[in-house]
Amino acid sequence: MEQVNIISAKIKNFASFKDESEALFLAESKYHSISNKDWNLISHNSLDDDDKILPVTAIYGANASGKSNFLEAISSIKNLMGRGEKADNHNIKTNPFTLDKKSQEKNTLIELEFIIDNTRYLFVVEYNSTEIVFEKLSSLNKDNNENSYYNRKAENGSPTLEFDTDLLLDNEFKKKGINGEILLIPKRSDVLALESMSSADLLIAKKIYNFIKELKILVDFKNETMLEKIKNNNKIKSQVLSFLKSADTGIVDIKIKKGSELGIDLLKLPKNMPTELKERIIKDISEDFFVKFIHSGEDFSGAVPKESDGTDAYFNILLSILPAFIDGGIFIVDELERSLHPMLIKQVVDLFHNKKINKAGAQLIFTTHNTSLLNQDILRRDEILFAEKDFDGTSRIYPLSELNGIRASEDLEKNYIKGKYGAVPFLGNIKDLEKLFKEV
């Protein structure tokens, strides 16, 4: 499995982000010695020896501050994919800043710097609702020198492509000669060059294309593959049970069955339901996995009782993140605390910080309102970002480490709630609200 990590994300004119805003996921060396904790910073040969990637990044901010918009921007490049040359719809899905007419007519910019298998890449795309105006793929060395694989521009409604034959083309592709090179150039201005290259089986393009395609905001953590592994592999099952027990869930065992093992038949469905629909439902259910958490003295009789939302949420998160601790991966999660107790959220964060568990350098980027994590023994200062919306409706993102005068012993949670770092709601005076109710 390829090891992947994000180094930075830069956006402009996307949703509430009118101006250019950047999030950097690199550790700042000045914080290495503040705590005795081993933060499990991620090293890569393609980075300078002093540069390490943060395993965790938490984004705080008021409701509608732009936290979710920033995550959405990172994964929005997928909206440009899967269009292909044969797609009927030539319009590109866009989400420019809407509170300014000029911005609605301007391009959106997304720039990602990332690492795949110790090679550092930079992918830049600028687009509007009708065309991809600019696109670039480069690699960078330790000195930040850039080697361009290709540059794509739009001229008079048609895409033009400049590329380095030696750098971009693998040996198999070079054998195709000029006929192969023609396949790399998109015929339509609304199609990514990266997609044309990937469709033409260019290895480097397929690698980058697949990486970006997998960048998504996680909502449903359920992992059917892991459920099957837990069912059939006692070692994996023991690992998951250990995590659940350490979270004080009271669970002593997990029973997993497929729907086909539960004895569901056509007779249990409504009599007036069409037979064809009944058969389809039974077929779908028979392929699903059903989970029962066993507490002391219980057994699995076939019915699937309802576990607490928190236990379900924690179990499903474990299903997703445990494989990444072995193979690597990037988890982008909006509102990690959904249905989770604050202590369980802390444990998830601690898992990513644990070198003996997170051996493959998996990366967690999430938004949250959970202020209990604002503790310098739980999160480093450079792992904390804030999203703030100004009075004109524009969002910006900035790290806690950018702010001056923060002491190593400072109570981050207390001072954040007080508004010292910004990124808190603009609340009206409750006395003014009392006056309104007097008039009712």
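What to note about this one:
- Percent RCO, i.e. relative contact order, over the chain, from Cα pairs under 8 Å lying at least 6 residues apart: 21
- Scattering curve values for the chain, log₁₀ I(q)/I(0), Debye with Cα scatterers, q = 0.07, 0.13, 0.14 Å⁻¹: -0.45, -1.25, -1.33
- Segments 351-362, 396-407 sorted - mean Cβ within 10 Å per residue, highest first: 351-362, 396-407
- GNM result for the chain, Cα springs below 10 Å: residue of E337, E105, E155 fluctuating most strongly: E155
- Volume per residue for segment 316-428 equals 128 cubic angstrom (convex hull of Cα atoms).
- Label-point gap, in nm, between D392 and E228 - each point 7 angstrom along Cα→Cβ: 5.4
- Order of K10, K106, K235 under a 10 Å beta carbon neighbour criterion, fewest first: K235, K106, K10
- Modelled FRET efficiency - R0 51 Å, A360 with E155, Cβ distances, 0.05 increments: 0.75
- Three principal axis extents describe the C-alpha atoms of segment 154-267; from largest down they are 64, 40, 28 Å.
- Two-decimal log10 I(q)/I(0) for segment 13-74, as the Debye equation yields it once each C-alpha is a single scatterer, q = 0.19, 0.26, 0.28 Å⁻¹: -0.85, -1.09, -1.18
- Segment 90-142 - convex hull of the alpha-carbon atoms, volume per residue in Å³: 102
- Protection proxy ranking, peptides 325-335, 251-261, average beta carbon neighbours within 10 Å, highest first: 325-335, 251-261
- Taking only the alpha carbons of segment 1-122, we obtain Rg and Dmax values of 17.5, 58 Å in that order.
- Ranked for footprinting exposure by Cβ neighbours inside 10 Å, fewest first, M226, M81, M273 give M273, M81, M226.
- Long-range HN-HN contacts of L218 with modeled amide H, under 5 Å: I332, V333, D334
- Here the dipole of the chain is about 800 debye; that uses its Cα centre as origin and unit charges on the Cβ of Lys and Arg (positive) and Asp and Glu (negative).
- For F134, the residues whose amide H sits under 5 Å from its own are E126, ignoring neighbours fewer than 5 places away on the same chain, with H placed 1.01 Å from N.
- Shown for S296, S43: other C-beta atoms within 10 Å of each C-beta, ranked fewest to most, produce the order S296, S43.
Read-outs throughout are calculated quantities, based only on the coordinates presented, and are distinct from any laboratory measurement. Just so you know, these numbers come straight off a predicted model, no measurement behind them. In this analysis, Cβ positions are derived from the backbone assuming ideal geometry, glycine residues included, and neighbour counts consider all displayed protein chains.
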